[in-house]
Amino acid sequence: MKRRTKFLPSLSIYAKFALTLLLSFSLIFLADLALFYSINQTLTAIDDVYDSNRRLNVMSDTLSNLEQNLTDYLNTNSQEAKDSYAANYNSFSDEIDALPSLFETTGADLKTKSLAADVTAMSRSYLGACDLTYAAKEERNIQLYRQYYDESETILSYLQSSLYALNNRQLQSNSSNYALFSTTFHSLEVTSFLILALVGAAVVSLLLFLTHSITEPLQELSEAADEVSRGSFNLDPIPIRSADEVGVVTNAFNEMVISIRGYIQKLRESMEHEQKMKEETLLMDTHLKEAQLKYLQAQINPHFLFNTLNAAVQLAMMEKAPRTYKYLQNVAQFFRTKTNRENQVTTLRDEIALVDTYLYIINVRYAGAFSYEKFLDEDLNSVEMPSMILQPIVENAINHGLRDMEGGSGKITLSTYETGKSITISVRDNGKGMTLEELEKVRQGKVSPHQKGDETNGVGLANVVERLKLFYHCDSSDDVFDITSAGPGKGTEVLLYIPADTEEEKGTVHVSDTDR
């Protein structure tokens, strides 16, 4: 039997691994930190090499724009040209002020600094000529502003030549610096590779040494386990030579050999039990989804019923005949549909009929404050869908978007049409609208555009989306729902998507407010 190599015998295997990994990661971290700092410093220097040329190019562009704006203003006297001239004038003035410090920080030679000083002086002279030209134009002194304009053009010609010369000289200097930095960076790459190679070799050596010190005492267990795998259980107990995890495993192995047959039987029983548990779990998930569907459909706030019936009583006190009868008939039909717990599946036609009834009731309560328009593809009316989907959307639109609008100006538009492999149902209002941030929160389910209180039926947008996802077995809300708005004050549109069963030709029918 091989003699076991000792590696930190007073520590457990876990402690040995932890200490080795800590040393390895410490070496890697320190090497990476040093390399990162060096590379970052070099890259920063390289990035800054051509910054002066970039700023000179920006200055040249600003100068060209300034001259063009002044010419446009003299020719057209437009406010747009005047505003553009003022903006470029201020930008060019700021760039002139920053020019001397730019060449101080870049370590330019005396000739470059002298050329920069000339450019600064000519730039100020050019701005002075522009000021005189602008003032003469404002005074409508044609002869004088033409004279000053010619002078400014002369200065501009010299200024552009000097600016070009300065840029070229600085480019030559920067190119030399860039070549030097590139050489330095290449050397740093080679150095980094060598350092990483050495650190990697050290880490690998350390890990190999640790692994060998642990796997060697396990070799005895491996040989004994091989005998057991071939069906030989007449083994002498393996001597326990240490008190660490290897000793514990050796003792457990000895006990396992004695009771191996019983253990295999228990393992088989355990696997059969696990399979049975999986089947029961799947069955429980199915029941849970059904319970969630029923629970979500059951969330209807009775306050809406009380408020609606109270409005009916008030209407009965004011009138004595047909309108009250029609109102109460619609109320009865509305709640008869909503409280039918047995019908979880309905048709698009029934959902639209429920919306018609609901809007009739709302318009009686609010004295015709909301108009209603429908654009329906009649061939889609027989499509099956979960019940209580459209009416909560319309209710949200009224409560959230239209309620505070002036009487008669609120409008609900309901549309159905087929797009590709899905049927789209659109509920659009012309109310308060939503910001991009509010739309994103609604899409993520963080908030709902559903106002709480006695005036709602308690079925919010999240409820509708969850029921659609369960009904059509969708993982993402995007598969069944979207909400859009052009912005505050521009209305909101809720889009619901349901799978299309057929690809038959559809005919769109326009049903206006008067058809209800």
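The values are calculated or read from the model by the stated rules, or taken from the named source; none is laboratory data. Since the structure is predicted, the reported quantities are computational estimates derived from the model, not experimental observations. Here the Cβ is made from the backbone with ideal geometry for all residues, glycine too, and neighbour counts use every protein chain on show. These accessible areas exclude ligands, DNA and RNA; they are computed on the full protein's heavy atoms, side chains included. Shrake-Rupley method; radii C 1.70, N 1.55, O 1.52, S 1.80 Å.
Given the structure, is residue 413 surrounded by fewer than 23 Cβ atoms within 10 Å (Cβ to Cβ), of a type in the set (Ser, Thr, Tyr) and within 11 Å of residue 498 (Cβ to Cβ)? Here the answer is no, as residue 413 does not meet what is asked. Counting only residues that are open to solvent by 60 Å² or more (accessible area, probe 1.4 Å) and either of a type in the set (D, E, K, R) or not in a helix (DSSP H, G or I) (or both), segment 72-105 holds 6 of them.
Confirm whether residue 333 is open to solvent by 20 Å² or more (accessible area, probe 1.4 Å), at pLDDT below 90, more than 14 Å from residue 391 (Cα to Cα) and part of a helix (DSSP H, G or I). No; evaluated as a whole, the condition is false for this residue.
Report yes if residue 298 is open to solvent by 90 Å² or more (accessible area, probe 1.4 Å) and modelled with pLDDT under 75, otherwise no. No: the conditions fail for residue 298.
Of all residues in segment 388-428, those that are assigned to a loop (DSSP other than H, G, I, E, B) and under 20 Å from residue 350 (Cα atoms) total 2. Can you name the residue in segment 364-378 that is part of a helix (DSSP H, G or I) and at pLDDT below 85 and is also most open to solvent (accessible area, probe 1.4 Å) among such residues? Restricting to residues being part of a helix (DSSP H, G or I) and at pLDDT below 85, the top hit is 365. Taken as a whole, the condition of being modelled with pLDDT of 85 or more, within 17 Å of residue 67 (Cβ to Cβ), of a type in the set (Phe, Trp, Tyr) and buried (at least 17 other Cβ atoms within 10 Å of the Cβ) applies to residue 134.
Pairs linking a residue in segment 464-478 that is open to solvent by less than 40 Å² (accessible area, probe 1.4 Å) to a residue that is of a type in the set (Asp, Glu) and part of a loop (DSSP other than H, G, I, E, B), with Cβ atoms under 8 Å and 6 or more positions apart or on different chains, are 469/475.
Would you call residue 509 at pLDDT 65 or above and among the β-branched types (Val, Ile, Thr)? Here the answer is no, as residue 509 does not meet what is asked. Inside segment 14-53, can you point out the residues that are modelled with pLDDT of 70 or more and acidic (Asp, Glu)? Within segment 14-53, 32, 51 meet the criteria.
Of the residues making up segment 419-438, those that are within 30 Å of residue 379 (Cβ to Cβ) and surrounded by 14 or more Cβ atoms within 10 Å (Cβ to Cβ) are 422, 423, 424, 425, 426, 427, 428, 429, 430.
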